[in-house]
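Visitor: What follows is a single structure, and I will ask about it in a moment.
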Amino acid sequence: MTINRRQFLTTCGLATLVTQIPALTAEGKLSLNTVLKPPCLQVGDTVGLIAPAGIVDAKEIEAAEKSLAQLGLKIKQGKHILDRYGYLAGKDGDRADDVNSMFSDRSIKGIIAMRGGWGCNRILPLLNYSLIRSYPKILIGYSDITTLLLAINARSRLITFHGPVATSTWNQFTVDYFKRILFNGEAVTMQNSNTKEVRVETIAPGKAKGKLIGGNLSVLSAMVGSPYLPSWNKSILFIEEIGEDVYRVDRMLTQLKTAGILNQIAGLIFGQCTNCSPGDEPSFTLIQVLQDHILPLGIPAWYGSMIGHIKDKFTLPIGTEVEIDADAGRIRMLESAVNIIL
């Protein structure tokens with residue numbers, strides 16, 4: 001298939017074209033040491049909608065379809081997307097089957113979770129990680145979807161994406177990062193645009209490089225000790241939270257510390273702690289808690305990045321190399337997170 005220069009530039013962006021040559025074993029199979037980048041999205045692609053955690057309804061699906069249509073995307077619903085089983089969107093086996101089926105379906109070019117809630121941790125043993133690796137695709141979401149993003153990155157060695165769910169507010173800020181990273185294949189620099197409303201507070205100054213890993217703090221801490229977490233060695237950890245008192249954030253960070261995770265990372269980004277309160281008096285501020293945990297590590301860190309349960313969201317590629325600047329509150333991708341389609 002041939003493609004002219006103008007068409008190629010329109011499709012995925014020449015400036016960030018990265019040629020990925022996968023390592024093969026002696027038997028000619030793809031080495032598990034090779035991190036896979038999924039193909040970029042294109043206008044006209046079909047994306048799969050899944051509900052691996054909390055319950056969704058038909059009106060939410062209808063709204064999501066309209067939002068994604070504005071991006072030039074078609075949707076295909078998971079077979080069990082409207083199922084209900086207590087507070088879960090169906091039984092564990094059925095929710096896992098929707099994930100596996102979306103990856104094996106050749107008509108699906110990307111997978112977007114409808115919403116978070118709770119439930120992804122329950123389906124991790126039921127996912128087919130070999131199948132997922134055989135059919136690499138964009139998987140995106142946040143909150144409880146953190147579980148899937150980290151487990152699939154760890155077990156399938158696939159780049160995954162912490163970003164909007166289908167029911168998110170698809171405003172200009174969110175759409176811009178989504179399209180530049182997932183459609184255009186750009187290696188973007190992420191920095192808060194409105195510093196007055198979303199203020200960056202430097203915890204420890206400096207720059208660092210490493211693989212970007214993270215997600216929701218409570219979900220991540222609940223995965224500690226499981227076989228579904230990636231390597232933390234010299235990684236850049238990003239976390240976010242919602243509705244937790246400061247002492248609970250302290251407790252979860254302490255868990256990451258005693259598990260040996262914080263001692264391995266090269267830098268830390270705390271996004272937004274939405275509706276997090278000091279709790280009962282007396283208390284610490286969130287910044288004091290972060291200082292207690294981070295300053296002894298001697299690594300760059302800041303609070304306030306546009307990550308989490310907020311309307312304006314970055315799209316963060318889990319497993320790609322980045323450089324952070326804690327003084328500026330900046331995340332700079334050092335590579336494209338998707339493969340360019342020719």
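Visitor: Using beta carbons and a limit of 6 Å, which pairs, at least six apart or on different chains, have the first residue in segment 321-335 and under 15 Å from I265 (Cα atoms) and the second one aromatic (F, W, Y)?
Guide: A326/W302
Visitor: Just checking, how many residues over segment 292-302 are among the hydrophobic types (A, V, I, L, M, F, W, C), closer than 24 Å to I242 by Cα and either free of Cβ contacts under 8 Å to residues at least 60 places away in the same chain or open to solvent by 30 Å² or more (accessible area, probe 1.4 Å) (or both)?
Guide: So the answer is 1.
Visitor: Regarding segment 280-288, can at least one residue be identified that is of a type in the set (A, V, I, L, M, F, W, C) and open to solvent by less than 30 Å² (accessible area, probe 1.4 Å)?
Guide: Yes, there is a match, as at least one residue in segment 280-288 is of a type in the set (A, V, I, L, M, F, W, C) and open to solvent by less than 30 Å² (accessible area, probe 1.4 Å).
Visitor: A further question follows. Given the criteria open to solvent by less than 40 Å² (accessible area, probe 1.4 Å) and in contact (Cβ under 8 Å) with a residue 40 or more places away in the chain, does A64 qualify?
Guide: Criteria met by A64.
Visitor: In this structure, is C40 at pLDDT 55 or above and crowded, with 20+ Cβ neighbours inside 10 Å?
Guide: Judged against the criteria, C40 is a match.
Visitor: Counting residues that are free of Cβ contacts under 8 Å to residues at least 12 places away in the same chain and not hydroxyl-bearing (S, T, Y), which helices (runs of 4 or more DSSP H) fully inside segment 90-180 reach at least 1?
Guide: No helices (runs of 4 or more DSSP H) qualify here.
Visitor: Can you pull out every residue in segment 112-136 that is in contact with a Pro (Cβ under 8 Å, 6 or more places away or on another chain) and open to solvent by 10 Å² or more (accessible area, probe 1.4 Å)?
Guide: Within segment 112-136, P136 is the sole residue that qualifies.
Visitor: Separate question: For the list (1) among the polar types (S, T, N, Q); (2) open to solvent by 30 Å² or more (accessible area, probe 1.4 Å); (3) in a loop (DSSP other than H, G, I, E, B), I need the number of the one condition that S305 fails.
Guide: (2)
Visitor: Only one of (1) surrounded by 17 or more Cβ atoms within 10 Å (Cβ to Cβ); (2) touching a helix residue (DSSP H, G or I) at 6+ places or on another chain (Cβ under 6 Å) is not met by F178, so which one is it?
Guide: With (1) surrounded by 17 or more Cβ atoms within 10 Å (Cβ to Cβ); (2) touching a helix residue (DSSP H, G or I) at 6+ places or on another chain (Cβ under 6 Å) applied to F178, the lone miss is (2).
Visitor: Which condition number in (1) assigned to a loop (DSSP other than H, G, I, E, B); (2) in contact with a strand residue (DSSP E or B) (Cβ under 6 Å, 6 or more places away or on another chain) is the one that G48 fails?
Guide: (1)
Visitor: Is it the case that N100 is open to solvent by 10 Å² or more (accessible area, probe 1.4 Å), of a type outside the set (F, W, Y) and under 19 Å from the mean Cα position of the chain (by Cα)?
Guide: yes
Visitor: E281 - would you say it is more than 20 Å from Q191 (Cβ to Cβ), of a type in the set (D, E) and out of contact with any Phe, Trp or Tyr (no Cβ under 6 Å at 6 or more places or on another chain)?
Guide: For E281, the condition - more than 20 Å from Q191 (Cβ to Cβ), of a type in the set (D, E) and out of contact with any Phe, Trp or Tyr (no Cβ under 6 Å at 6 or more places or on another chain) - is met.
Visitor: Hey, could you check segment 309-342 for residues that are in a strand (DSSP E or B) and over 15 Å from the mean Cα position of the chain (by Cα) and say which is surrounded by the most Cβ atoms within 10 Å (Cβ to Cβ)?
Guide: Checked segment 309-342; the qualifying residue surrounded by the most Cβ atoms within 10 Å (Cβ to Cβ) is I324.
Visitor: Filter segment 181-236 for residues that are assigned to a loop (DSSP other than H, G, I, E, B) and closer than 21 Å to K137 by Cβ and give the result.
Guide: F183, N184, G185, E186, A187, V188, Y228, P230 - these are the residues of segment 181-236 that are assigned to a loop (DSSP other than H, G, I, E, B) and closer than 21 Å to K137 by Cβ.
Visitor: Kindly provide the set of residues from segment 214-244 that are open to solvent by less than 40 Å² (accessible area, probe 1.4 Å), aliphatic (A, V, I, L, M) and in contact with a strand residue (DSSP E or B) (Cβ under 6 Å, 6 or more places away or on another chain), ordered by number.
Guide: Answer for segment 214-244, where residues must be open to solvent by less than 40 Å² (accessible area, probe 1.4 Å), aliphatic (A, V, I, L, M) and in contact with a strand residue (DSSP E or B) (Cβ under 6 Å, 6 or more places away or on another chain): L217, I236, L237, I239.
Visitor: Another question, if that's okay. I'd like the residue in segment 246-275 that is open to solvent by less than 40 Å² (accessible area, probe 1.4 Å) and assigned to a loop (DSSP other than H, G, I, E, B) and, out of all such residues, is farthest from M190 (Cα to Cα).
Guide: G260
Visitor: Filtering segment 75-89 down to residues that are assigned to a loop (DSSP other than H, G, I, E, B) and open to solvent by 10 Å² or more (accessible area, probe 1.4 Å), which residue is farthest from K59 (Cα to Cα)?
Guide: Checking each candidate, the answer is G86.
The values are calculated or read from the model by the stated rules, or taken from the named source; none is laboratory data. As the structure is a computational prediction, the values presented were derived from the model and not from experiment. Using ideal geometry, Cβ is built from the backbone for each residue, glycine included, and neighbour counts are taken over all protein chains shown. Heads up: the accessible areas ignore ligands, DNA and RNA and are worked out on the full protein's heavy atoms, side chains in. Shrake-Rupley method; radii C 1.70, N 1.55, O 1.52, S 1.80 Å.
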